[in-house]
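Beneath this line is the structure, given in structure tokens, with notes to follow.
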Amino acid sequence: MTGADLKRAKRAVRRDVLAARDEMSGAVRAERSARIVERLLSLPEVERASTVMAFWAFGSEPDTTPLIEALHARGVRIALPTIVDGDLEPRAFVPGDPVTETSFGAREPARGEAIDPREIDVVVTPAVAFDRAGRRVGYGGGFYDRFLPKTRDDAVRIGIGFDVQLVDDDLPNGHFDLRVDAVVTDTAVVRMERPR
């Protein structure tokens, strides 16, 4: 598959999956988001984590505010991504800290100390779509594909999304596209073996 073919294939996935995700009502999205958070918080990797990098949801993504609040209540150090010079930089965040809104609608810490990526135990990873082999199609910026190699090899990558975001077919994937170790949806936890 050429680079142009890969881009076209990913655009098609984004279009279809985002349309399905956007069709959910706010009430349904809230209920399913709560189930995702409950499942994620019960994973052993998350229960034993000292530092978790989450993300601030935007648009029709699963609501991550309850996740951030629950991790904080457990005493977990929370990192949220901030875009600095075109790359993700994890910054410490505590609920109530000031945030700024990005151009695409997500929020990021307005300040907060930078966290060394090697200190992160779990990376909660967003995407438009995931498949059952851990492949992901993001929004096209490559931020997480550039960031994840900076974390430890044993840092666990957990994708979260609604059921409509977990597809049965293999997603289009380039050599630079990094996989997750598990996907948590509103009805399932799917684990996979990450290629090393």
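Give me the percent of accessible area attributable to carbon and sulfur for segment 1-101, probe 1.4 angstrom. It is 51 percent, rounded to a whole number. Accessible surface area normalised per residue over segment 1-113 is 53 Å², counting heavy atoms of protein chains with a 1.4 Å rolling probe. Evaluated at q = 0.23 Å⁻¹, the base-10 log of the normalised Debye intensity for segment 6-52, with identical point scatterers placed on the Cα atoms, takes the values -0.80. Ordering Thr187, Ile158, Leu148 by the projection of their Cα atoms onto the charge dipole of segment 134-196, which places +1 on the Cβ of Lys and Arg and -1 on the Cβ of Asp and Glu, puts Leu148 at the extreme positive end.
Charge tally around Pro117: other residues with Cβ under 14 Å, Lys/Arg +1 each, Asp/Glu -1 each, net -2. For segment 45-52, backbone phi angles converted through the Karplus equation (6.51, -1.76, 1.60; θ = phi - 60°) give residue-by-residue couplings of 4, 6, 4, 9, 6, 8, 10, 10 Hz, Gly and Pro being listed as x. For Rg and Dmax of the Cα atoms in Å, the candidate list reads (i) 16.9, 52; (ii) 15.7, 43; (iii) 15.7, 47; the entry that matches the value derived from this model is (iii). Could you tell me which of rounded, prolate or oblate describes segment 50-105, using a ≥ b ≥ c as the square roots of the eigenvalues of the alpha-carbon gyration tensor, with rounded for a/c under 1.5 and, failing that, prolate when a/b is larger than b/c and oblate otherwise? It is oblate, given that a/c is not under 1.5 and a/b is not larger than b/c.
Of all DSSP bridge pairs formed entirely within the chain, close to 55 percent run antiparallel. Membrane-span-like helices in the chain, defined purely by DSSP H runs whose alpha carbon atoms cover 27 Å or more axially and whose average Kyte-Doolittle hydropathy reaches -1.0, are 3-22. Near Arg107, the amide H atoms lying under 5 Å from its own belong to Trp56, Thr102; only residues 5 or more places off or on other chains count, and H is placed 1.01 Å from N.
The values are calculated or read from the model by the stated rules, or taken from the named source; none is laboratory data. What you see is a predicted model, and the numbers here were worked out from it, not measured in a lab. Ideal geometry is used to build each Cβ from the backbone, glycine not excepted, and the neighbour counts take in all protein chains shown. Areas reflect the complete protein model, heavy atoms only, side chains present, ligands, DNA and RNA absent. Shrake-Rupley method; radii C 1.70, N 1.55, O 1.52, S 1.80 Å.
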